[in-house]
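Okay, structure first, notes after.
The values are calculated or read from the model by the stated rules, or taken from the named source; none is laboratory data. Owing to the predicted nature of the structure, the values given are computational and were not obtained by experimental measurement. Here the Cβ positions follow ideal geometry from the backbone for every residue, glycine too, while neighbour counts run over all protein chains shown. Side chains included, ligands, DNA and RNA excluded: accessible areas come from the protein's heavy atoms. Shrake-Rupley method; radii C 1.70, N 1.55, O 1.52, S 1.80 Å.
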Amino acid sequence: MRIPQLAAVVGTLLVALSLPALADVQFSLADFEKVSAPRFSMISVGGSMFGKLSLSPDFNLGPVGVGVDSNLYIPMDSSGPYPSEFNSIVLRRVAYDHNKVAGFEYGRLQNVTYGHGLLMNNYDSGAGGATSEFSNEKAGAKGYVRISDLTVNAMYTASQVKAARITYDTPINLMGVPVVAGATYVTDEDGIDKQVDGNQVSRSSQSGYGFDVAYPLGGEFMTFYSEYAKLENQGEGASVGVRGDLLSMFGYKAEYRTFGANFVPEYFNRAYEATAFNAATDMPGKTLSGFLVGAYGNVFEDYVRLGAEYEFYEDRNLLSAALGWQRLMDTAGVINYKVPFQTGGQAILSSDIAYYTGGPVDYVVHWKQVAIDANTKTESYAVSLRFNMQKMFPGLPF
């Protein structure tokens, strides 16, 4: 592996700081609104139309938060079977945190990054499938425990993706700040083998591990880091970079990367469950090097959040971006965009836009387009009606 010149790292940082302030590169509508009202949706899947009546209450049981979806699906025609991701009862979320020393979460796992993202970055357990419907088969569990200077994280999903990470605040101090060392292991023992709208989504089993060190010179303001990752029976890669937050409003990331042949950065990423991968054709057969720059931010106290990451290598340029907003001009919504490393430049797009009518019924439009590989795309959409019971029945006590 080549050691990057200091000038390259500093130059990349300047590029990142010159980007418009942008937040993380994937959002969900639940990040911007909390709604438990009954909903009726129309969902199109593979040419078949389904109606859906659902209720999604949230409960607080002391320190434990619980969210449940109750769904009734109604076929509007007879041209296709029920998709497997149509579940009548879905345990959407269970979460608990004990004084920031131990905690767990169950549900759709989004934005899971172990290490600094070279092996696992923004993994999403619910990205796959023919629709944006969340089901028990798209769920996962993750947890952590901190004991003195040691922190252990672990993750497990219904699709058999497993990951573990250990970090340690070492006794090595530079100007009073400890160097943090970490190790990560991720495995998918059975890979992916699914039919989506008649198209096969396949990945072989794959495991990987990584090691990293970080030096938070300015705490949240500036952290320098370096990471090494290896895909078992494939290639290896390394990175060095800097990341940070400014006043909890703006953030940045700048990274130099170099890969050996047959290494894919961020192999376990947001698109992992949704895209096919063939090691014989999708692994780059040569060494690559390049840069990743990113920025994020929020406007008006999180009313608007946006984020972007841009990667540029010798033979490819990749962009990830997300925009989300709370109720603004009678709408709230999220738009997500990503070009994965292996789909030949084709993007994965999704959006969820809520429209508030001011009356007893509001609308939400869902749309999802996935580039399974360089030649194949799938698309689904749905329109939801949400009922405001207080406006429909003003005399009732709810």
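The figures follow:
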{"item": "For Thr275: the one exception among (1) in contact (Cβ under 8 Å) with a residue 60 or more places away in the chain; (2) closer than 19 Å to Asn233 by Cα; (3) among the β-branched types (Val, Ile, Thr)", "result": "(2)"}
{"item": "So Thr223, is it open to solvent by less than 30 Å² (accessible area, probe 1.4 Å), among the β-branched types (Val, Ile, Thr) and in contact with a Pro (Cβ under 6 Å, 6 or more places away or on another chain)", "result": "yes"}
{"item": "Matching strands (runs of 3 or more DSSP E) fully within region 51-158 where at least 1 residues are open to solvent by 40 Å² or more (accessible area, probe 1.4 Å) and under 23 Å from Ala274 (Cβ atoms)", "result": "89-98, 102-107, 112-114, 140-147, 150-157"}
{"item": "Selection from region 270-282 of residues that are of a type in the set (A, V, I, L, M) and surrounded by 19 or more Cβ atoms within 10 Å (Cβ to Cβ)", "result": "Ala271, Ala274, Ala276"}
{"item": "Failed condition for Ala163, given (1) assigned to a strand (DSSP E or B); (2) crowded, with 16+ Cβ neighbours inside 10 Å; (3) at pLDDT below 95; (4) of a type in the set (A, V, I, L, M, F, W, C)", "result": "(3)"}
